[in-house]
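Beneath this line is the structure, given in structure tokens, with notes to follow.
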Amino acid sequence: MFRPLTDNDFGAALNRKVDYLKDPGMQLKNFSHYKTTSGGYEIVSEYKLLDGDASFVQTITIHDNGVLQVKNNFEVVEANHSMILKFGNSLTLPKSLNTFRWYGRGPWENYDDRKASAMVGIYEGSVKEQYHPYVRPQESGNKTDVRWAQISNGKSVGFRINYVDDLLNVSVLPYSQEQLYPASEKGQEHSRLLEEDKVNHLNVDLKQMGVAGINSWGSLPLEEYLGCPLKITPIPTLFLR
């Protein structure tokens, strides 16, 4: 629901408006697991969050061929919030998985409102190369319109993510969200001083809000790139493989 804020986000005062999304207060309501008729296994976790203003259900199906299918469903109960910054899943990975290969827009970072120069193709690079060293640490490294992404050790060990119904936003970085967004007020942090985390951080999102850029003194992304206004219910279901 939250991403490290960009300089444009700070200009739009999102550090005061949506900073609470860092901890949406997810509480597990129900948990179940059972075998499927096809021989796989299904795990269903249901949460409430934002003080009960929204619900989130994640269904993970483990197929008998080893493929995992992830279905996320987010529904608004009370629309008393202006927006969320993204919707998807975040995972931590061992440092040995240090090679990122994807079929989507690239080779540089791109976002819904900043992708015209990023052509669709198959690209590959190290995890470290995915971070663009802005002067101040912030959101970085996202890839849009991703058909599939592969994270590996550069050889035979790793895994692959496939889209099902909707193209994805994917990023993998050697830095945590806390490193890229250490405080809700701007400090004197510098990207050159970042030290790699002990794990790599993978984000697989259905939507992420654009990064704006009309100016850095108050404007949000254009409405078509806001991505995740909480007035929309439900946000479309996300499937991963």
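The values are calculated or read from the model by the stated rules, or taken from the named source; none is laboratory data. Model, not experiment: these values are computed from the prediction. Virtual Cβ from ideal backbone geometry, glycine too; neighbours counted across all protein chains shown. Note: accessible area is taken over every heavy atom of the protein model, side chains too, but ligands, DNA and RNA are not part of it. Shrake-Rupley method; radii C 1.70, N 1.55, O 1.52, S 1.80 Å.
Listed values, structure above:
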| item | result |
| --- | --- |
| Whole-Hz couplings from phi, Karplus 6.51/-1.76/1.60, listed for segment 210-220; x for Gly and Pro | x, 9, 6, x, 4, 7, 10, 10, x, 7, 8 |
| 10 Å binning of all Cα-Cα separations within segment 123-181, expressed as whole percents from 0 upward | 20, 47, 29, 4 |
| Accessible area of the chain belonging to carbon and sulfur atoms, whole % at 1.4 Å probe | 50 percent |
| Largest-first principal axis extents of the Cα set of segment 181-229 (Å) | 37, 28, 17 |
| Whole-number accessible area per residue in Å² for the chain, which is evaluated in the context of all protein chains at 1.4 Å | 52 Å² |
| Accessible area of Glu224 in the full protein assembly, 1.4 Å probe (Å², nearest 10) | 130 Å² |
| Exposure ranking of Met83, Met26 by accessible area [1.4 Å probe, largest first] | Met26, Met83 |
| Relative contact order of segment 54-160, defined on C-alpha pairs under 8 angstrom at six or more residues apart (%) | 25 percent |
| Only Lys, Arg (+1) and Asp, Glu (-1) charged, at Cβ; the chain dipole about Cα centre in debye | 580 debye |
| Around Tyr175: net Lys/Arg minus Asp/Glu count, Cβ-Cβ under 14 Å | -2 |
| Charge dipole of the chain about the Cα centre (unit charges at C-beta), most positive-ward option of Phe2, Val199, Leu226 | Val199 |
| DSSP-assigned coil residues among trypsin sites (Lys or Arg not before Pro) in segment 53-109, each with at most 14 further Cβ atoms within 10 Å | Lys95 |
| Inverse of mean 1/r across different Cα pairs in segment 52-93, Kirkwood, Å | 12.7 Å |
| Check: segment 63-172 dipole with +1 on Lys, Arg Cβ and -1 on Asp, Glu Cβ, in debye | 520 debye |
| Under 5 Å, built H, 5+ apart or other chain: amide partners of Lys29 | Glu46, Tyr47, Lys48 |
| Segment 1-111: C-alpha gyration tensor shape, a/c 1.5 cut-off, then a/b vs b/c | oblate |
| Of Lys29/Lys86; Lys22/Lys207; Lys17/Lys186; Lys22/Lys198, pairs whose Cα-Cα distance is over 19 Å | Lys29/Lys86; Lys22/Lys198 |
| The chain: radius of gyration over Cα atoms, expressed as a fraction of 2.2 N^0.38 Å | 1.01 |
